[in-house]
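Asks: Before I ask anything, here is the structure I am working with.
The values are calculated or read from the model by the stated rules, or taken from the named source; none is laboratory data. A quick note: this is a predicted structure, and the numbers were derived from the prediction, not measured. Glycine gets a Cβ as well: all are built from the backbone with ideal geometry, and neighbour counts include every protein chain shown. Surface accessibility is based on the protein's heavy atoms, side chains included, excluding ligands, DNA and RNA. Shrake-Rupley method; radii C 1.70, N 1.55, O 1.52, S 1.80 Å.
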Amino acid sequence: MALGRVRVGLAMLGSTIRASHSVAPDQYEPGLPDANQPREHLVNIGMLEWDLDLQFGLHRRFALELLLPIRTTIIQASFLDEAGDEIVDFKSIHHRTETLAGVGDLVVAGRIGLILPENVPRWSLALRTGLSLPTGNIEPDPFELGATGQPHQHM
C-alpha cells in the first residue's frame, strides 16, 4: 500500500457448531427434582462476523490498520430427558435459544507486506501484528454464576 493511500474493506466469515453433552449432577438446574432434570443438552450455534477494516499506507510495505469486528451468534438449545425425548419449553440457566449481537474488540495493528508482486497487483502476502482494545461486551464469570445457580453466558 502506497504512502497516504487509504483502503477500506469488509469481510464476512461464518461457522456453525452442533454440540451435545450429558448432564452431570453438579450441572443440574437449581430447584428442580432429579427426576425432572434433563439428561442431555443439545446446542446448535451459528456464528457470523463482519470485519470492517481501515488501512492507512505509510510506505509501500507498511500500513496502519484498524479492524472492527461486528458479531452475531445465534443459539438454539434443546434438552432431552432420560428416555431421549425432547423436553418442550424447558428453561435452563446453562443454555437458551437466543441471538447475541454486538461489536467485538477493536484491533489496532501494523501491516507489513512480505510479498508484493508487481505483475499481479491485487495479490500480496502480509503479516499483521497489533493490539486489541476491549470495546466489546464483557460477561460476568459464567462458572461463578453457574455455581450459584444463576443464568450465565459463555459466549
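Asks: Per residue, how much accessible area does the chain have with a 1.4 Å probe, in Å²?
Replies: With the other protein chains kept in place, the chain gives 68 Å² per residue.
Asks: Please turn the phi angles of the range 73-78 into ³J(HN,Hα) values with the Karplus equation 6.51 cos²θ - 1.76 cosθ + 1.60 (θ = phi - 60°), one per residue in order, whole Hz, x for glycine and proline.
Replies: 10, 10, 10, 10, 10, 9
Asks: Let me ask something else about it. Report the far tail of the P(r) of the chain, meaning the percent of Cα-Cα pairs longer than 29 Å.
Replies: 42
Asks: Give, in nm to one decimal, the length gained when the segment between residue 155 and residue 132 is fully stretched (0.36 nm per residue of separation minus the Cα-Cα distance).
Replies: Length gained, residue 155 through residue 132: 6.5 nm.
Asks: Then there is this: Could you run the Debye sum over the Cα atoms of the range 63-136, one equal point scatterer each and no solvent, and tell me log10 of I(q)/I(0) at q = 0.11, 0.14, 0.27, 0.28 Å⁻¹, two decimals?
Replies: -0.57, -0.69, -1.13, -1.16
Asks: Moving to a separate point now. Relative to the present Cα-Cα distance, how much length would full extension add between residue 139 and residue 39 at 0.36 nm per residue of separation?
Replies: This chain segment gains 33.3 nm when fully extended.
Asks: Whose amide H sits under 5 Å from the amide H of residue 136, counting only residues 5 or more places off or on another chain, with H placed in the peptide plane?
Replies: 105, 106
Asks: Rounded to the nearest 500 deg cm²/dmol, what is the calculated helix-only ellipticity per residue at 222 nm for the chain, with -39500 (n - 2.57) per DSSP H run of length n ≥ 4?
Replies: The per-residue figure over the chain is -1000 deg cm²/dmol.
Asks: Can you list the HN-Hα couplings for the range 43-59, worked out from phi with the Karplus curve (6.51, -1.76, 1.60; θ = phi - 60°), rounded to whole Hz and with x for Gly and Pro?
Replies: With coefficients 6.51, -1.76 and 1.60, one gets 9, 10, 10, x, 10, 10, 9, 10, 10, 8, 10, 10, 10, 10, x, 9, 6 Hz.
Asks: What spacing in nm lies between the two simple spin-label points modelled at residue 147 and residue 21, each 7 Å away from Cα in the Cβ direction?
Replies: 1.6
Asks: Something else about it: Roughly how many nanometres apart are two label points built 7 Å out from the Cα toward the Cβ at residue 52 and residue 68?
Replies: So the two model labels end up 0.3 nm from each other.
Asks: Right, another one. Place a point 7 Å from Cα of residue 61 in the direction of its Cβ. Which residues in the range 108-122 have their backbone N less than 12 Å from it?
Replies: Within reach of a label on residue 61, which here means backbone N under 12 Å from a point 7 Å along Cα→Cβ, the range 108-122 contributes 112-116.
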